[in-house]
Amino acid sequence: MSQANDKPTSGDFTKTAGWLDWYTGPAKPRFQLPAGAVDAHCHVFGPGAEFPYAPERKYTPCDASKAQLFALRDHLGFARNVVVQATCHGADNRAMVDACLASGGKARGVATVRRSITDDELQQLHAAGVRGVRFNFVKRLVDFTPKDELMEIAGRIAQLGWHVVIYFEAVDLPELWDFFTALPTTVVVDHMGRPDVSKPIDGPEFQLFLKFMRQHPNVWSKVSCPERLSVTGPKALNGEQAAYRDVVPFARKVVEEFPDRVLWGTDWPHPNLKDHMPDDGLLVDFIPHIAPTAELQRKLLVDNPMRLYWPEL
Ligand SMILES: O=C(O)c1cc(C(=O)O)oc(=O)c1
């Protein structure tokens, strides 16, 4: 349906040139999600008039509110969300926290924090449902933060039982290896560490990522974002049931080798896509291609995210 660039950015903001808005009117998935499924990676954007975008942001999105996120959750058949702080909000977690608080216990959060955060502020985030912090190493999204600052934060949040979510490009893994493997918490990799899927699955780059997971049982991976990683498509649009073929072997390998350490999320509202905006219903239909059995699906969508984000249930 709509791929038009017609969604607003409220407040004193103008969308980044060429910004693609999230997809209106997604299909009802054909794949029936297991009961209690968690969308373990999604975001809210603003609305800018209520929760202004951060001065240090690298892009200005269209608004994507908590009500719109919850409507998508219900439409697709998810029971819960994990709302990950988007870089356009910097370390101002108010929009994410507001979504968690308004969810009636159906959303947990992952925050971005600075070294200056107080213990009281961390406790308030915990009470709102935050269970992790995100460290971002993708240079087009954030300015550099010194590793000693990040390690100090990791040490503090470890005491709350939280985990660290890391986002990086595959080519940067060698340089980041020592830092990542020194983290004292569970470590969750966003989007499989962004493999270049035009390279062979048994080539050095993806093998290094598998080695990272094999050698470090505290490392988990989100097998999300085929729409970002795919080079050949086809796109999840117009009813396509075999989308993003080139990503399937990579994601399926991770799911099958590490079934107890994988998560899946829509990545709605899909920041910074340049080529197309996927139909989120068809993205859900991608899941059985990478998790082909009911047991793998239940672990990926229910057991693993519940263990990490709702261990008390
Ligand atoms: O690849 C991206 O552009 C991207 C950006 C963000 C963010 O801005 O937080 O989050 C993601 O999961 C992916």
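Starting from the eigenvalues of the Cα gyration tensor, five times each then square-rooted, give me the equivalent ellipsoid semi-axes of the range 123-275, largest first, whole Å. List each step's numbers first, then the result.
Details: eigenvalues 146, 65, 46 Å².
After scaling each eigenvalue by five and taking roots: 27, 18, 15 Å.
Pairs to check: 211/253; 253/274; 7/106. Give those whose C-alpha atoms are more than 19 Å from each other in this structure. Intermediate values should be presented prior to the final figure.
Details: 211/253 13 Å; 253/274 27 Å; 7/106 26 Å.
Pairs exceeding 19 Å: 253/274; 7/106.
Ignoring any ligand, DNA or RNA, what whole percent of the accessible area of the range 168-313 comes from carbon and sulfur when the probe is 1.4 angstrom? All intermediate terms of the calculation are to be shown ahead of the outcome.
Values: 2800 of 5320 Å².
Whole-percent figure for carbon plus sulfur exposure: 53.
What chymotrypsin sites (Phe, Trp or Tyr not before Pro) in the range 193-299 are in a loop by DSSP, with at most 11 other Cβ atoms within 10 Å of the Cβ?
Numbers: sites: 206, 209, 212, 220, 244, 250, 264, 286; in loops: 244, 264, 286.
Nothing satisfies the criteria.
Which whole-number value in Å² is the accessible area per residue of the range 121-209, probe 1.4 Å?
42
Determine one quarter of the surface area of the Cα convex hull of the range 1-78, which equals its mean projected area, and express it in nm² to one decimal. Don't jump to the answer; show the numbers that get you there.
Numbers: hull surface 24.3 nm².
Mean projected area of the Cα convex hull: 6.1 nm².
Where only protein heavy atoms count, and the probe is 1.4 Å, what is the accessible area per residue for the range 9-68 in Å²? Before the final figure, lay out the partial values.
Numbers: 2560 Å² over 60 residues.
Ligands and nucleic acids excluded, the result is 43 Å² per residue.
Applying a 10 Å radius around every beta-carbon, put 49-58, 31-40 in order of their mean neighbour count, most first.
The densest-packed peptide leads the list: 31-40, 49-58.
If we count every other residue with Cβ under 12 angstrom of residue 174's Cβ, Lys/Arg +1 and Asp/Glu -1, where does the sum land?
Summing Lys/Arg as +1 and Asp/Glu as -1 gives -4.
Under a point-charge model restricted to the Cβ atoms of Lys and Arg (+1) and Asp and Glu (-1), what is the dipole moment magnitude of the range 106-213 relative to its Cα centre, in debye to the nearest 20?
On the way: 13 positive and 15 negative charges, 80 e Å.
So the dipole magnitude of the range 106-213 works out to roughly 380 debye.
Of all the accessible heavy-atom surface of the range 1-105, with the other protein chains kept in place and a 1.4 Å probe, what percent is carbon and sulfur? Mind dumping the intermediate values first?
Working: 2320 of 4250 Å².
Here carbon and sulfur together make up 55 percent of the probe-accessible area.
All other residues with a Cβ under 11 Å from the Cβ of residue 191 taken together, and with Lys, Arg as +1 and Asp, Glu as -1, what is their net charge?
Numbers: positive: 194, 222, 228; negative: 169, 190, 227, 267.
Charge balance near residue 191 sits at -1.
Which percent of Cα pairs goes in each bin when the distances of the range 182-243 are cut into 5 angstrom slices starting at zero?
With 5 Å bins starting at 0, P(r) equals 4, 16, 21, 22, 15, 11, 6, 3, 1.
Among 239, 100, 173, which residue has its Cα positioned farthest towards the positive end of the charge dipole of the chain, with +1 placed on the Cβ of Lys and Arg, -1 on the Cβ of Asp and Glu, and the dipole taken about the Cα centre?
Result: 239, furthest along the dipole toward the positive end.
Residues of the range 258-310: accessible area per residue at 1.4 Å, in Å²? Before the final figure, lay out each step's value.
Numbers: 1380 Å² over 53 residues.
Spelled out: the 1.4 Å probe surface of the range 258-310, per residue, equals 26 Å².
The values are calculated or read from the model by the stated rules, or taken from the named source; none is laboratory data. Keep in mind it's a predicted model, so treat the numbers as computed, not measured. All Cβ positions, glycine included, derive from the backbone under ideal geometry; neighbour counts span all protein chains shown. Ligands, DNA and RNA are excluded from the accessible area calculation, which covers all protein heavy atoms including side chains. Shrake-Rupley method; radii C 1.70, N 1.55, O 1.52, S 1.80 Å.
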